[in-house]
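Please read the structure below before turning to the comments.
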Amino acid sequence: MAAMEIDTVKNLQRKRSTYQSLDETFEIQNETYRGQQYSQIYFARLHMMRTLLYSLVTHWKPHVPVCTVLGLEEGKECIIVGTLYKHMKLKPCILDEYSKERSAVPLVKHHNFMHPDDHLVLEDESGRVKLGGTALSPSVYVTGVVVALHGKETGAGDFMVLDVLEAGLAPQIEPQLKSREDKYVVFISGVSAGSSLSNPLQFQLLVDHITGHLGDETEQHIAAEIVHVVIAGNSVEIPLGLLSGQNLASKDQSRLSEPVQELDILLTQIAAGVPVDIMPGSNDPANFSLPQQPLNRWLFPGSRAYNTFRSCTNPHCFELDGVRILGTSGQNIDDLKKYSEGRDGLEFMERTLKWRHLAPTTPNTLGCYPFTDRDPFLIESCPHVYFVGNQDKYGTRILKGSEGQLVRLISIPKFCNTGMVVVLNLRNLECHTLSFETQFIS
């Protein structure tokens, strides 16, 4: 019976898709660090976004003049364009560790640093001005977002905001969704091999499902329609206690490598039949700052033997059969949750698309490489699918833009906590979850 099942799997004609990587934007290849500061990435961001917003202002409020912060006149309505900065009373500061009065600072829950006294400032090359009014909520915006504001200067020297213009969703190419067959992409994140929460049986069941070794012939035919697998970060958990900078004993060296070896064994099984992209996450052995560069292929001696195995950047952007897919391993959304408020993770995802910036809190509260002449996180082309990994729970919805853009938002839950993966149908961009929960019986 087992032999017959294996033969059936071998005889299945697995569907294929056309793949194109668009990660070049996030690759650090010809960059040279010469001690530059982060002001240059802010200037690059403001320059690109201001050009865009100026073109939108002419249709938004053509009768209102545009000026700089330095050119504001009391009581005169105008439009200013600049970068927001949020003054946050509870924002962690390294200097607080050395402050004699630090014991007087109230304890803050680590997951959010919002305070009722927070306020926004707009800054351009000429200066900065404090913002007032109810049109711009400090709870929604974060430092680093570029906006156009309609308002007037008050007698106190503040800028009273009457209206706000965001960049909105970027232009979108037409997806080729007509007269197609079902093809599925599987999204996984937070496998955390080597952690106390990791359950190898769960991941093995997932691997068996993807490769068609699980279930009856009907389920195997469904598995044959899986054309791609994306692993969105935090695939392993390295014991941090071993990373002390000291020479390790041989048993500690093996403990350090065991999670990666375990992952490689499972990835090899997937890559043998299905193309798989693996992205680094905050816990993986990769550079900490965004954009994270691909995990070293030599970490995966089994998987790298297959040309279907791709080690990718974080953020990661690619096209499958003309459908553009963009996503991160979750750091950008997790940081927004700390410094702003929203109903759920999907709302934070919407904001990044409407601001046309994947990670607006870089480099203020989220580490990034100090680029000198560009900001790689600007969204110049709206994706058809936008995913974020390592979230607390699954969520999805369609976001509609003012020019007919349609984006499938996907919040991918941590696999080690939920045993869940997300499956996307490229034919119609519908998605659902698969659960591989297991229970140990004592």
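Quick notes on this structure:
- Rounded to the nearest 20, the Cβ-based charge dipole of segment 307-362 about its Cα centre (Lys and Arg +1, Asp and Glu -1) stands at 120 debye.
- Checking (i) 89, 70, 43; (ii) 63, 49, 41; (iii) 84, 60, 45 against the coordinates, the calculated Cα extents along the principal axes in Å falls under label (iii).
- Value at 222 nm in deg cm²/dmol, rounded to 500, when DSSP H runs of n ≥ 4 in the chain each add -39,500 (n - 2.57): -6500 deg cm²/dmol
- Overall, the chain carries a charge dipole of about 300 debye about its Cα centre when +1 sits on the Cβ of Lys and Arg and -1 on the Cβ of Asp and Glu, all other atoms neutral.
- In the chain, a dipole from Cβ-located charges (positive for Lys and Arg, negative for Asp and Glu) runs towards its positive end, and of 223, 155, 68 it is 155 whose Cα lies farthest in that direction.
- For segment 33-50, the Karplus equation 6.51 cos²θ - 1.76 cosθ + 1.60, evaluated at θ = phi - 60°, returns couplings of 7, 10, x, 5, 8, 7, 4, 5, 6, 5, 5, 5, 5, 5, 4, 5, 6, 5 Hz by residue, with Gly and Pro reported as x.
- Within segment 298-442, percent of DSSP bridges classed antiparallel, to nearest 5: 65
- Projecting the Cα atoms of 213, 387, 202 onto the charge dipole of the chain, computed from C-beta unit charges around the Cα centre, puts 387 farthest toward the positive end.
- Order by protection proxy (mean Cβ within 10 Å, highest first), peptides 21-32, 75-86: 75-86, 21-32
- Acute angle (nearest 10 degrees) that the helix 200-210 long axis makes with the longest principal axis of the chain, alpha-carbon atoms: 80
- When each of the peptides 197-209, 128-140 is scored by how many other beta carbons lie within 10 Å of its residues on average, the order from highest to lowest is 197-209, 128-140.
- Summing Cβ point charges (Lys, Arg +1; Asp, Glu -1) relative to the Cα centre of segment 326-426 gives a dipole of roughly 260 debye.
- Angle in degrees between helix 250-271 and the longest Cα principal axis of the chain, rounded to the nearest 10: 80
Computed from the coordinates by the stated procedures, all read-outs in this text should not be read as laboratory data. These numbers were taken from a predicted model, which means no experiment stands behind them. Because the Cβ atoms are built from the backbone with ideal geometry, glycine has one as well, and the counts that use them run over all protein chains shown.
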